[in-house]
Amino acid sequence: MKLFKNTYGYFDKTHNEYVITNPKTPRPWINVLGNGDYGMTISQTGSGYSWRTHAQLNRLTRWEQDIIKDEWGKYVYVRDANTKRVWSVGWKPVCAKPDRYECRHGIGYTIITSLNEGIETELLTFVPIDEPMEVWNLTLRNTTRKARKLSLFTYLEWGLGASPDWHREFHKCFIETSYDNRLAALFATKRLWEVPTENGHWNTGWPYIAFHASSIKPASFDADKESFLGMYRDQQMPRSVLEGRLQKHTGNGLDPVASLHINVALQPGEEKTVSFVLGAASSLEEAKMLVKKYRKTGAVRGALERVKQGWTERLGTVRVDTPDEAMNLMLNVWLKYQAISGRIWGRTAYYQTGGAYGFRDQLQDSQIFLPIAPERTQQQILIHAKHQFKDGTVYHWWHPLTEIGHHPDVSDNLLWLPFVVHSYLQETDDAAILDSQVPFVDEATPASLYQHCCRAIDRALERFSENGLPLIGSGDWNDGLSAVGLKMKGESVWLGHFLHKILHDFSECTSARGDQDRTVRYKERAGQLREVLNSRAWDGEWFWRATKDSGEKIGSKENREGRLFLNAQTWAVISGVADRERSERVMDVVEQKLEFKAGPVLLYPAYKATDEKIGYLTRYAPGSRENGGVYTHAATWSVISAAMLGRGEAAYRIFSKLNPVNRSGKADEYMAEPYVTPGNIDGPESPFYGRGGWTWYTGSAAWLFKVGLEWILGVRPTKKGLLLSPCIPKKWKGFKVHRVFRGAEYEIEVKNPTRVNTGIIRVTIDGSETERFTPDDSVLLPVFQAGSRHVVSITMGSK
């Protein structure tokens, strides 16, 4: 079924694919494939890069960030032996005009099909679930009435270490390539790795073996860029491809690449398949084993099926059926896929190449696993707890492989640990996690996770101003407020809201553990903080955002630029700091003054003059990213605050504006992929109003999934059971949700026959009517035995 078709492609609902029919998309539209260790990106042109564990510190193939040219990648050229004509199986790098072209970005794979010179090629790429490598499965079919002789030439440039590889003449001195004639495979090693180690700076070897091989024995090979391209030539038409032969150069002193030459003969109508592998093994023995294994067609087919089966299982624990196909596509498939494959496993994409773990970032992202595989959220929690210091502070980010991190005075990072732990407990009621013993960065003696959480909260409670507000330090959630509190005098109102919620929520844990002194203290501090926020931080119509070290307010009616900030309003509602009347007022302000065609902007009006006392936020162009753009991560929280106030129309409207599917109708304005969320959309003060960017590598995917499922559809986990509190638009007749909760399957159907939907009026469980209403007229479904299945029917209407 084709949905939301535009100039460049459409959603294939049947196969969970986005199909691109024109390679000249406004920006590269990519897929991020991986297994949590090895990964690759691939664009609709066939470009992209590969890595193992860390896309910046351990890049396998070279790639430079240029999303206009998109000319770095791993390519396969095709040469006709008779006509001497050359094209590539992806549109790049030759850029020949195909008779037909299609790129299908699927869940865990990408397929690029093209028809050139009567030869149809289908290139399938994927990463096996548990091996450090990728597979390119290339099928060629002769659609003509003549026999054809073709030559295939693969091409990639070895990186083997840190990226970007800006000092190539230096680093190529350490790379050695070789060809194993018996295995018919190219190998590459590097005697230097740029990561700091106990041996000193630049004094350790790259601990992997890179390999590239094919299922058919090559006619020739090459590992020298100069002999492959030709001096002063480029990738579009390499000399070796034009000549139809490779020079068989390997060894030291080359500008190292990998190229294999395969000859293929096709009779009319005949079809043949060649598979290629590329990877980074931990030993030569492992590399050879993988090369041998994937020469067999059955191994390729089996590995692909395991990839697909894994994603079927991950996507199957939550399924929704609403009147909005755009919402269905994102909640059922693409948000989960983006958050897991792009944000948690890959931690990299095209707009930002990364690899580090952000303390607050991947913790929040891990919430995507709660209804899928909560043990993965638990794993992420424990990983992050190990990157906390004994004083309660944490790394802002750290690098796997080296464990080197950044430890600034950013004020909110540490609090995301108790926040996500609380979310985990609501999903699982697994209090045993709090007894998990975890060391600190600077203290080998472990402490319980409960103590880790308490140290984070207690440290935050120590960092308050004389006015009774939290200090912002070198930034809170908004990293762009990077200079507001460098002298540890500036204050954060948003952090006050956030801390208030954590004090309230985590006191449930302290009380359950019998830690009564801490429970009383947390509740008292929450009450004091709420009072101060409402008395000092209220600006007459909204909450101001912060103060500089000097005491000057930010996000206040006193300001000419940056008068109003989104987070200080939405979190006033989410945290319970604002009472009902004030909550309604701030959400009115959000809808009237901050919400535009692509959703609510982070602040308004944008800063047009830089302010070194605020930070780099003011250095962005007006209307872009955090400076007056729609910063989608923060914008998702406005859906929660609207739903908490029962504003079903507003919650759904904002969700729909943020949903990238709905931006695809104006693809040339929006530019970004329509199947994943962007980090930002340009706001009304930008000359590119409505342009999306920073896709894939954004925390908005997990949050948009969460707010859609839990706050619009209203299916929320609690310790006592599954809470149902829909907040839907009146036009909906109803919806269905399949949800696995603590091992039991819940088949939920919500009916809205009168289109009034002021509340739930009837509930049946397995055909029997029940009265399981909460004080706010929500419904609390019981926790059923794992493995059981239950049918729930909800009717909405006027009471």
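The values are calculated or read from the model by the stated rules, or taken from the named source; none is laboratory data. Note that this is a predicted model, so its numbers are computed, not measured. Note that each Cβ is placed from the backbone with ideal geometry, even for glycine, and that neighbours are counted across all protein chains shown. Surface areas here come from the heavy atoms of the whole protein model, side chains and all, with no ligands, DNA or RNA. Shrake-Rupley method; radii C 1.70, N 1.55, O 1.52, S 1.80 Å.
Enter the accessible area per residue of the stretch 216-257 (Å², integer; probe 1.4 Å; all protein chains in place).
50 Å²
For the chain, give me the percentage of DSSP beta bridges that are antiparallel, rounded to the nearest 5 percent.
Around 95 percent antiparallel, to the nearest 5.
Would you mind calculating the gained length between Thr312 and Thr795 on full extension (0.36 nm times residue separation, minus the Cα-Cα distance), in nm to one decimal?
Going from the current span to full extension adds 170.8 nm.
Kirkwood Rh, Cα Rg: Rg to Rh for the stretch 678-722?
A ratio of 1.22.
Leaving out ligands, DNA and RNA, what percent of the accessible area of the stretch 410-521 is carbon and sulfur, probe 1.4 Å?
Answer for the stretch 410-521 is 46 percent, counting heavy atoms of protein chains only.
Along the Cα-to-Cβ line of Arg772, 7 Å from the Cα, sits a label point; which residues in the stretch 713-732 have backbone N less than 14 Å from it?
715-725
From the phi angles alone, apply the Karplus equation (6.51, -1.76, 1.60; θ = phi - 60°) to the stretch 3-13 and give each ³J(HN,Hα) in whole Hz, x where the residue is Gly or Pro.
Per residue, the Karplus-derived 3J(HN,Hα) values read 10, 6, 6, 9, 4, 10, x, 6, 8, 9, 5 Hz.
Take Val520 and Asp99, extend 7 Å from each Cα along the Cα→Cβ direction, and tell me the distance between the two endpoints in nm.
Taking the two extended label points, one gets 8.4 nm.
Sticking with the crude label model, points 7 Å out along Cα→Cβ, report the distance from Gln379 to Asn263 in nm, one decimal please.
Distance between label points: 4.7 nm.
Need one word for the stretch 302-359: rounded, prolate or oblate. Basis is the Cα gyration tensor (sqrt eigenvalues a ≥ b ≥ c); a/c below 1.5 gives rounded, then a/b vs b/c decides.
oblate
Give the long-range amide H neighbours of Asp476: residues separated by 5 or more places, or on another chain, with amide H under 5 Å away, using H modelled in the peptide plane at 1.01 Å from N.
Ser411, Leu481
Using a 1.4 Å probe on the protein heavy atoms only, what accessible surface does Glu581 show? Give it in Å² to the nearest 10.
130 Å²
Taking the Cβ of Thr7 as the centre, find all other residues whose Cβ is under 15 Å away and add up their charges (Lys, Arg: +1; Asp, Glu: -1).
+2
Using the crude model of +1 on Lys and Arg Cβ and -1 on Asp and Glu Cβ, and no other charge, please compute the dipole size for the stretch 537-596 relative to its Cα centre, in debye to 20.
Taking the Cα centre of the stretch 537-596 as origin, the dipole is about 140 debye.
By accessible area of protein heavy atoms, probe 1.4 Å, what ranking do Lys5, Lys69, Lys706 get, highest first?
Most to least solvent-accessible, the answer reads Lys5, Lys69, Lys706.
Over the Cα atoms of the stretch 194-328, what Rg and Dmax result, in angstrom?
21.4, 62
Among rounded, prolate and oblate, which fits the stretch 407-563 when a ≥ b ≥ c are the square roots of the eigenvalues of its C-alpha gyration tensor, a/c under 1.5 means rounded, and a/b larger than b/c means prolate?
prolate
If amide hydrogens are placed 1.01 Å from N in the peptide plane, which non-local residues have theirs closer than 5 Å to the one on Asp255?
Result for Asp255 returns Lys225, Glu226.
Please calculate how many Å² of accessible area the stretch 638-703 carries per residue, with a 1.4 Å probe and no DNA, RNA or ligand atoms counted.
Value for the stretch 638-703: 25 Å² per residue.
Which net charge results for the neighbourhood of Ala643, defined as the other residues with beta-carbon distances under 12 angstrom from its beta-carbon, given Lys and Arg at +1 and Asp and Glu at -1?
The answer is +2.
Round to the nearest 10 and report in Å² the accessible area of Val318, as given by a 1.4 Å probe over the protein chains' heavy atoms.
0 Å²
Loop-only check: which chymotrypsin sites (Phe, Trp or Tyr not before Pro) in the stretch 642-724 are DSSP coil with at most 11 other Cβ within 10 angstrom?
In loop regions of the stretch 642-724 (DSSP not H, G, I, E or B), there are no sparsely surrounded chymotrypsin sites (Phe, Trp or Tyr not before Pro).
Computing the accessible area with a 1.4 Å probe over protein heavy atoms, can you report the carbon and sulfur percentage for the stretch 583-673?
49 percent
For the chain, what is Rg from Cα atoms divided by 2.2 N^0.38 Å, rounded to two decimals?
Output field value: 0.99.
Looking at Gly496, Val589, Leu60, which one has the Cα that reaches farthest to the positive end of the dipole of the chain (charges on Cβ: Lys, Arg +1; Asp, Glu -1)?
The listed residue farthest towards the positive side: Leu60.
Give me, ordered by chain and number, the residues 5 or more places off Gly693 or on other chains with an amide H under 5 Å from its own placed amide H.
Under 5 Å from the amide H of Gly693 lie the amide H atoms of Gly679, Asn680, each far enough along the sequence or on another chain.
Largest first, please: the extent of the C-alpha atoms of the stretch 518-590 along each principal axis, to the nearest Å.
42, 31, 17
What number comes out for the charge environment of Gly690, summing +1 per Lys or Arg and -1 per Asp or Glu over other residues with Cβ under 13 Å away?
+1
List, in order, the whole-Hz ³J(HN,Hα) value for each residue of the stretch 337-345 obtained from phi through the Karplus relation with A = 6.51, B = -1.76, C = 1.60 and θ = phi - 60°; use x for Gly and Pro.
These are the phi-based 3J(HN,Hα) values: 5, 4, 5, 7, 6, x, 8, 8, 7 Hz.
Where in the stretch 242-267 does the label zone of Met231 land, with the point 7 angstrom along Cα→C-beta and an amide N cut-off under 19 Å?
Residues 242-243, 247-250, 253-257 fall inside that zone.
Taking only protein heavy atoms and a 1.4 Å probe, what accessible area per residue, in Å², does the stretch 443-493 have with all protein chains in place?
Result: 35 Å² of accessible area for each residue.
Quick one: pull the percent of accessible area on the stretch 299-363 belonging to carbon and sulfur, 1.4 Å probe, ligands and nucleic acids left out.
The computed percentage sits at 45.
Take peptides 565-576, 152-163 and line them up by average Cβ neighbours within 10 Å, highest first, as a rough protection proxy.
Packing order, densest peptide first, comes out as 565-576, 152-163.
Lys pairs in the stretch 84-178, Cα-Cα under 24 Å, at least 8 apart or on separate chains: how many?
Lysine pairs, 8 or more places apart or on different chains, close enough: 7.
So if each residue of separation counts as 0.36 nm, and I subtract the Cα-Cα distance between Thr718 and Asp430, what length gain in nm does that give?
102.5 nm
Any idea of Trp494's accessible area? Nearest 10 Å², probe 1.4 Å.
0 Å²
In whole Å, what are the extents of the stretch 550-641 along the principal axes defined by its C-alpha atoms, from largest to smallest?
Reported extents, whole Å, longest axis first: 36, 32, 19.
What list of ³J(HN,Hα) values in whole Hz, one per residue of the stretch 326-332 in order, does the Karplus curve 6.51 cos²θ - 1.76 cosθ + 1.60 (θ = phi - 60°) give from phi, with Gly and Pro shown as x?
Per-residue couplings from phi come out as 5, 5, 4, 4, 6, 6, 7 Hz.
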